[in-house]
1. Could you pull the accessible area for Ser278 with a 1.4 Å probe, rounded to 10 Å²?
2. If we sort 234-242, 9-17 on the protection proxy, mean other Cβ atoms within 10 Å, highest first, what's the order?
3. For region 112-159, which whole-number percentage of the solvent-accessible area (1.4 Å probe, protein heavy atoms only) is attributable to carbon and sulfur atoms?
4. Taking amide H positions as placed 1.01 Å from N in the peptide plane, with prolines and chain starts having none, which residues 5 or more places from Glu154, or on another chain, fall under 5 Å of its amide H?
5. Sort the following peptides by mean Cβ neighbour count (other Cβ atoms within 10 Å, averaged over residues), highest first: 1-8, 169-176.
6. Can you work out the Karplus-derived ³J(HN,Hα) for every residue in region 131-138? Use 6.51 cos²θ - 1.76 cosθ + 1.60 with θ = phi - 60°, whole Hz, and x for glycine or proline.
7. Using only Cα atoms and rounding to the nearest 10 degrees, what angle (0 to 90) does helix 33-42 make with the longest principal axis of the chain?
8. What does the accessible area per residue of region 137-273 come to in Å², with a 1.4 Å probe and no ligands, DNA or RNA counted?
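The values are calculated or read from the model by the stated rules, or taken from the named source; none is laboratory data. Nothing here was measured: the structure is a model prediction, and the numbers come from that model. Note: ideal-geometry Cβ built from the backbone for every residue, glycine included; neighbour counts use all protein chains shown. Side chains included, ligands, DNA and RNA excluded: accessible areas come from the protein's heavy atoms. Shrake-Rupley method; radii C 1.70, N 1.55, O 1.52, S 1.80 Å.
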Amino acid sequence: MTDIVDLFAGAGGFSTGARLAGANVVWAANHWPQAVEAHARNHPETIHVCQDLQQADWRELPPHDVMCASPACQGHANARGRDRPHHDVTRATAWAVVACAEYHRQDAILVENVPEFLAWQLYPAWKLAMESLGYAVAPHVIDAADCGVPQNRERAIIACTRSRAPIRLKIAKQAHVAAATILDFASGRWSPVVHPARSQATIDRARAGHARYGNRFVMPYYGSGSGKTGRSIDRPLGTVTTRDRWAVVDGDEMRMLTVAEYKRAMSFPEDYALPGTSKKLDLHLLGNAVPPLMAKAAIEALLAAA
């Protein structure tokens, strides 16, 4: 069995995907205590460490074959802006991958981030550092929906292998799964679309959605893209973020998606345990995660090619 370590493990999307791919997750680390607690609850067989990985002692990791890593994406994503001083610090987390690889020289490495990571000013230097350690670096941009995740979510998946040439991950595109499959119209707290506390912009988006999609559709709380028109529930949901972003409309009523619906949109198993202390915390963990089915597809493709 392939042994994997999970850097920046978060709530455990990469680890869950690895387990679905038949791999064994021997070690996982994150700097956020709540994320480590959630990960440990769902992966009790794994060694867990809560620390800043830029300060890690890589000698402490158990033997393993593959490294999976999801360095912080906030400093790269256009949605957050990339000119804030603290984003230099978040972008620097990617160098922990290099440091771990320098010590362990794993057979293969998978790095997940937003596509903008590939446009990072220091990405060429990061790539050169990995190549200097003997890795062939192959960046891919993959839509999670093509892996059976009921969500359109483009991510960079970088395969680093100790091969003569970069490998291409052969991931067969799956049929897209509709947002309707994750929705439970009998759950949640519904309220009238036209409500004194509702903004006119929200009411207008709902009316536009009704005109285009009929009684039932989803819409985000933003005024661009599908935030103007709504989105058919016959398509995958749009990207799940760390915010409570998506609403579902049913006739003259609407509500925000529930945690259970967001979890299904991320392709986590139904029995995957989240803290449950607040919706805000659960969504932060989910929005930062790697969709397990996308991780499974990438890991299976890596193991087949490496």
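1. 50
2. Numbers: 234-242: 20.9, 9-17: 29.0.
Ranking the peptides 234-242, 9-17 by packing returns 9-17, 234-242.
3. Numbers: 850 of 1530 Å².
Within region 112-159, the accessible surface is 56 percent carbon and sulfur.
4. HN-HN under 5 Å from Glu154: Ala144.
5. On the way: 1-8: 22.2, 169-176: 13.2.
For the peptides 1-8, 169-176, the packing ranking is 1-8, 169-176.
6. Result, ordered by residue: 5, 5, 8, x, 9, 8, 10, 10 Hz.
7. Relative to the chain, helix 33-42 is tipped by roughly 90 degrees.
8. Values: 6450 Å² over 137 residues.
The answer is 47 Å² per residue.
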